[in-house]
Protein chains: 2
Amino acid sequence: MILGFDIGGTKSAVALADGSGVLIARSQVPTRQDLTPESMMDRLIERARRLLAREGIPQDALIGIGLSCGGPLDPEEGIVYTPSNLPHWNAVPVKAIVEDTFRRPVRVENDANATAWAEYLLGAGQGCRHLAYLTMGTGIGAGLVLDGRLYRGRHFLAGEIGHVVLQPDGPICGCGKRGCLEALASGPAVARRAQERLPVYPESLLHRLVVHPGQLTAREVVRAAKRKDPLALQILQETGMYWGQAISYLLQILDLERVLLGTLAIHAGDLILEPARRTVRRYTWHEICHDVLILPAGLGVRAQDYAAIALWLNENRRH
Amino acid sequence: MILGFDIGGTKSAVALADGSGVLIARSQVPTRQDLTPESMMDRLIERARRLLAREGIPQDALIGIGLSCGGPLDPEEGIVYTPSNLPHWNAVPVKAIVEDTFRRPVRVENDANATAWAEYLLGAGQGCRHLAYLTMGTGIGAGLVLDGRLYRGRHFLAGEIGHVVLQPDGPICGCGKRGCLEALASGPAVARRAQERLPVYPESLLHRLVVHPGQLTAREVVRAAKRKDPLALQILQETGMYWGQAISYLLQILDLERVLLGTLAIHAGDLILEPARRTVRRYTWHEICHDVLILPAGLGVRAQDYAAIALWLNENRRH
């Protein structure tokens, strides 16, 4: 049995799976930003205890416990450092907290890496050796599986593709630089670009989808694009082109087999992925990209549960 | 004992080293593009035989034989496919040729990868786990050592950083795309950019260094820059900025410890490396780049000999 903790910016969850990664039970709680990290961890641990009790699983039956959380974090020490979605979590020793409670070994990983590993073992990455999983939400980041191993880099910051600079004079990014991929093509950037152009498109469906100006999100842009709204389609096409440019860097440097995209890519599908693929073909060597698969991630809404669980799976446990 | 073959576009060499990588003897021949690959291999094999005889080393005393050559090549099958510096070498089974001759195991690797591995074990990469070695000559390519292992990618094309597109509307590249790093900042690109601007700089030293117009090379640009020629300095500064942009992509994606630069970087030193480092700092997260070392490669003029030899060295054999 494997116990998994997923800590997100808006919701968190505990999940229980068998030794091959089949989910048995889960329990979700809202992430309360008003609570201290310690109280939030207590709530999650309480949920985990109840889950184990309900399923009749003694602690000793756990192979291990996985914990997936936004980075930056130190996976070796198991300490979380101020993720952008958990701004008041500063140097929280999550590994020690969970280990002291359950007396079982705990593995901690940032959510992009953990999801990449889960996709590799259980999702759309099965059967390949080299892949990137890109989360395309509020933030943009990648987890890299290279030669069948998770690659983390020197400061555990590998995969920070959201902050490659595509336009040195582009819009300012949350990280302080200008023209980062994230500033151009994340969820909030999609919404911002649509909002800016709305006055020029008085016929756009987006006017009707948003009651209060300024509350536009990428979700409405995708919804309007699916109804063939020209402004929304244009925004998503440009977004795909930005993604394609960054993916071409990944491919030209890493010669990957698959690139799996989460979050916005799952909702928007080919409305973003087709322009992304076209841009990849334009910017990347044919020898490298002719057989690469650029796909939505495979684990869907349960990706975060699997991410925490998969930290205790290896290739022999693929199901 | 280890025997190494290095096959370059203008010169090739065989080298002999002991089991810890200390060079004992070498022999160099010009690469004759008028010879068939088979004849050229025969000449190198003949040199190798004489080297072994002169040193009194029987074939059986060889741990193995390394062969380093421009890519694309298949290191597993040991077949060389039309490198840009050996355009008439098409599907040459170099591994089989050398193995059949010496009856010892042969490892084949493209020169960027082999040099990265040599720098990691014997050169400026000693003591780190994650590095890129970039060859900055006629072509631009990288070898990647990630988590202490050579990373090759799906089609053995990882590290083709020379063909990341920095300027979608930039100058046409040999690969057919536009604005690749190689088209902007390789040796020939440096020469071309200097040549184009020469008429606007009638006082430039470059007019005197080049007897025949159109024969300008990066070598003269570096020589003039060292004598503080304003045009040459400007060209090298721009070159460093292009390099810095590409290195920032490497770092943002791979969170490396060191980036080692060969060829032009060794000749030009800080004239290129300082603008490159400044651009890296501007384009890369501080957390990633604050302690990265961006240095000239350490093995100097014998890098290619070590590259072929190092294919038979591992970390336990570091000297």
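The values are calculated or read from the model by the stated rules, or taken from the named source; none is laboratory data. In this text the structure is predicted, and so the values were computed from the model without any measurement. Quick reminder, even Gly has a Cβ in these numbers, built from the backbone with ideal geometry, and neighbours come from all protein chains shown.
Here are a few things to note about the model shown:
- Within the stretch B:46-76, considering residues that are of a type outside the set (A, V, I, L, M, F, W, C) and closer than 26 Å to residue B:134 by Cβ, the one farthest from the other protein chains (Cβ to nearest Cβ): B:66
- Qualifying residue in the stretch A:262-277 (condition: touching a His at 6+ places or on another chain (Cβ under 9 Å) and surrounded by fewer than 24 Cβ atoms within 10 Å (Cβ to Cβ)): no
- Filter result for residue B:222 (within 14 Å of chain A (Cβ to nearest Cβ), surrounded by 15 or more Cβ atoms within 10 Å (Cβ to Cβ) and either out of contact with any Pro (no Cβ under 7 Å at 6 or more places or on another chain) or of a type outside the set (Phe, Trp, Tyr) (or both)): no
- Subset of the stretch A:167-180 [buried (at least 19 other Cβ atoms within 10 Å of the Cβ) and either among the hydrophobic types (A, V, I, L, M, F, W, C) or more than 10 Å from every other protein chain (Cβ to nearest Cβ) (or both)]: A:173, A:180
- Candidates A:43, A:26, filtered to the one that is among the basic types (Lys, Arg) and over 22 Å from the mean Cα position of the chain (by Cα): A:43
- Residue selected from the stretch B:108-155 under the condition under 15 Å from residue B:72 (Cα atoms) and among the basic types (Lys, Arg), by the criterion nearest to the chain's Cα centre (by Cα): B:152
- Of all residues in the stretch B:1-35, those being more than 15 Å from residue B:114 (Cα to Cα) and of a type in the set (Asp, Glu) number 2.
- Residues that are part of a strand (DSSP E or B), more than 14 Å from chain B (Cβ to nearest Cβ) and not charged (D, E, K, R), drawn from the stretch A:105-124: A:106, A:108
- Residue match in the stretch B:54-74 (condition: touching a residue at least 40 places away in the same chain (Cβ under 8 Å), among the hydroxyl-bearing types (Ser, Thr, Tyr), closer than 21 Å to residue B:150 by Cβ and assigned to a strand (DSSP E or B)): yes
- Qualifying residue in the stretch B:229-239 (condition: at pLDDT 95 or above, small (Gly, Ala, Ser), under 30 Å from residue A:256 (Cβ atoms) and part of a helix (DSSP H, G or I)): no
- Conditions (1) surrounded by fewer than 24 Cβ atoms within 10 Å (Cβ to Cβ); (2) under 17 Å from the mean Cα position of the chain (by Cα): number failed by residue A:69: (1)
- Restricting the first member to the stretch B:250-261 and to residues that are facing another protein chain (nearest Cβ under 9 Å), and the second to residues that are surrounded by fewer than 24 Cβ atoms within 10 Å (Cβ to Cβ) and among the basic types (Lys, Arg), the beta-carbon pairs closer than 7 Å and six or more apart or on different chains are B:255/A:154; B:256/A:154; B:257/A:154; B:257/B:129.
- On inspection, residue B:154 qualifies as more than 16 Å from residue B:262 (Cβ to Cβ), within 14 Å of another protein chain (Cβ to nearest Cβ), of a type outside the set (A, V, I, L, M, F, W, C) and touching a His at 6+ places or on another chain (Cβ under 9 Å).
- Of all residues in the stretch B:261-319, those that are under 17 Å from residue B:120 (Cα atoms), of a type in the set (D, E, K, R) and touching an Asp or Glu at 6+ places or on another chain (Cβ under 9 Å) total 1.
- Selection from the stretch A:138-175 of residues that are in a loop (DSSP other than H, G, I, E, B), β-branched (Val, Ile, Thr) and modelled with pLDDT of 95 or more: A:164
- Filtering the stretch B:181-228 to residues that are outside any loop (DSSP other than H, G, I, E, B) and more than 25 Å from the chain's Cα centre (by Cα) leaves B:196, B:197, B:198, B:199, B:200, B:206, B:207, B:208, B:209.
- Exactly one residue out of B:100, B:34 is at pLDDT below 95 and either surrounded by 15 or more Cβ atoms within 10 Å (Cβ to Cβ) or more than 20 Å from residue B:300 (Cβ to Cβ) (or both): that is B:34.
- Output for the stretch A:125-137, where each listed residue is closer than 18 Å to residue A:308 by Cβ, in contact with a strand residue (DSSP E or B) (Cβ under 9 Å, 6 or more places away or on another chain) and in a loop (DSSP other than H, G, I, E, B): A:125
- Selection of the stretch A:293-317 for residues being aromatic (Phe, Trp, Tyr) and assigned to a loop (DSSP other than H, G, I, E, B) yields only A:312.
- Residue that is under 20 Å from residue B:266 (Cα atoms), of a type in the set (S, T, N, Q), buried (at least 19 other Cβ atoms within 10 Å of the Cβ) and at pLDDT 95 or above, where the choices are B:135, B:115: B:115
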